[in-house]
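The values are calculated or read from the model by the stated rules, or taken from the named source; none is laboratory data. Note that the structure is a prediction, hence the values are computed from the model and not measured. Here the Cβ is made from the backbone with ideal geometry for all residues, glycine too, and neighbour counts use every protein chain on show. When the accessible area is computed, the model is the full protein with side chains, heavy atoms only, and any ligands, DNA or RNA have been set aside. Shrake-Rupley method; radii C 1.70, N 1.55, O 1.52, S 1.80 Å.
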Amino acid sequence: MPAKIPPAAAIVALALIVAVLSLHRLGAGDVCTGNEAVEGVFVQQMVEHGNLLFPVENRNVPMYKPPLFHWTAVAIDRLAGIQKVTAANLRLPSALYAIAGALLTMLFAYELLGLDAAVLAGLALAASYQYISQGRFGRVDMTLCFFETLSLFAFLRWLASDATLSGRAARFESNLPALYLMAAALGLGVLAKGPIGAILPGVSIIIFMIAERRGRQISAMLDPGAIILGAAIAASWYLACYFGGRFAFLNRQLDTENVGRFFGSLGAMAPWYYLKPILLNSAPLSILVPVAAVYALLSPVVTPGGDSTSLPGKGRAGVRLFAIFYFATVIFFSIAAYKRRSYLLPVWPAATVILAWWIVTVPPQAFRRAATWTFVALCAGPVVFNFIDIPRTEVRSCAADSFRPAAEEIARVVAPSDPLYLYGFQEEVAPLLFYLDRDAPVLPGRLGDAPPGFVIMPANVWKTHQSDALDFEPVLTSDHGNRHLVIVKRGKSYASSPRHFFARVTAPYLSQSTR
């Protein structure tokens, strides 16, 4: 890489590239997947209704994940003066965590391995399809990725240079503020997605310490203040649930979403489920990552200058730790019964540092410049592809499945204070609730037993149950893409007279005719 480029300029330029990839047309695609819409409903409860601790979906469904992602969204919206949740500001926390994670990775790679490695690590993150696409998705995974990465980097900052030190000598040599930062990051990882946010980094660190014959330094990490800090952050919201009597939240978080997922109560996938994602989720880079990680574990690790003792041994320590974290994550989730591709997201920052080290240190000195520029060229294509394809895919994949047009039509028919219910849906209703931006309880049993008010149902359900609901009056049929809904009314509309009802329905069309 050109030596005349100031390190700060190179790192900032790459951070801006990641920012463009993460923010470009961020809200162009509608929220139409259940996973994203569920989080969106909880963010709406926090931002628009002030339910910061215990928001529920549709009056009775507790949060699926801890609230750090949602609290981040609230903080951003408060600072920006935003009072309504949209697709764009729902996804903005993930985008900002992705940008911050890329900047953190490059800064640490620069300290660990030099500018060339920092630039290559940043390019690799920009070229990673999984990293960029998840940075544009309103879910908790990028929040978890950032804090797991921060905990690993903070640990390496804390780590004593001399592997033979122990006891007071190790404590004196190590970086105590970095230990507290690691503890805070582990605690925030738990608040992002549950205990896994501390388990995988923690297990990886312990394995690393044992493998590197630093077992005597483990006791130096057990600083009472750091332990208290990490535990207090991790347990804060769970204790609020306990003392607030919100046991349904605790059951959902600790039982269903953690133990249940691991042992298969939500379903099970084959142990080899991750083989394809590992190799192809961000090809061609994802094909190289396992090779570089194995090489980091099995080969003597050196810094770019060729001296394994330079940079106080941190170059050697860093890539070994990151390789251990990579394989620990893959193995853990391969053992777990329930699997999702996004579970592998947190390995990407560490994996890019491994790749950068592999490129700038492993080839013979005469070929390193060629290897570096080949890697840059290898990343350039995916970076351009991510800029063009990811936003297009987001829009295209949701074009026929969005509930937004139907919700806009329903809002013109049903006043905010009118009773509104759902009936007969065989899918997650959060995408509809997100665009309705209100509760609509799901009716069990027979349609004929529904209380007075408006009922939304799929058109085929209405066709099937129409004969059982003779006193229901259809007021709207909404057909958009794959969404075919019927809205029926039973009894009077509580919010408005027939004249006002007619005005609400016809006003948009009358206004269009006068333009």
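Note: segment 328-384, Cα convex hull, 91 Å³ per residue. Considering only C241, A469, A109, the residue lying farthest towards the positive end of the dipole of the chain is A109, judged by Cα position with unit charges set on Cβ. Note that segment 351-468, at 25 °C in a medium of 0.890 mPa s, gets a Stokes-Einstein diffusion coefficient of 128 µm²/s from its Kirkwood radius over C-alpha pairs. Based on Cα contacts under 8 Å between residues 6+ apart, the chain shows a relative contact order of 18 percent.
Using only alpha-carbon positions in segment 10-94, the gyration tensor eigenvalues give semi-axes of 26, 14, 12 Å once each is multiplied by 5 and square-rooted (largest first).
The magnitude of the dipole of segment 82-210, with charges of +1 and -1 set on the Cβ of Lys/Arg and Asp/Glu and taken from the Cα centre, is near 500 debye. Solvent-free Debye calculation, one equal scatterer per alpha-carbon of segment 159-270: log10 I(q)/I(0) at 0.11 Å⁻¹ equals -0.47. Per DSSP H run of n ≥ 4, the term is -39500 (n - 2.57); total these for the chain, divide by its residue number, and report the mean residue ellipticity at 222 nm rounded to 500 deg cm²/dmol. Mean residue ellipticity, 222 nm, calculated: -19000 deg cm²/dmol. On a per residue basis, the chain carries 43 Å² of accessible surface, using protein heavy atoms and a 1.4 Å probe. For segment 331-420, the alpha-carbon radius of gyration amounts to 1.91 times the rule-of-thumb value 2.2 N^0.38 Å expected for a compact globular protein. Taking every DSSP bridge with both residues inside segment 341-491, close to 75 percent are antiparallel. Taking the chain, the Cys residues with no second Cys beta-carbon under 4.7 angstrom are C145, C241, C379.
Ordered from highest to lowest accessible area with the whole protein assembly present and a 1.4 Å probe, W357, W462 read as W462, W357. Descending by average beta-carbon neighbour count within 10 Å, the peptides 343-353, 427-437 line up as 343-353, 427-437, the highest first. So if the hydrodynamic radius of segment 177-231 is defined as the Kirkwood radius over C-alpha pairs, what does Stokes-Einstein give as its diffusion coefficient at 10 °C and 1.306 mPa s, in µm² per second? It diffuses with D of about 138 µm²/s by this estimate. Secondary structure note: in the chain, about 80% of the DSSP beta bridges are antiparallel. For the residue pairs K84/K339; K193/K339; K84/K463, alpha carbon separations beyond 24 Å are given by K84/K339; K84/K463.
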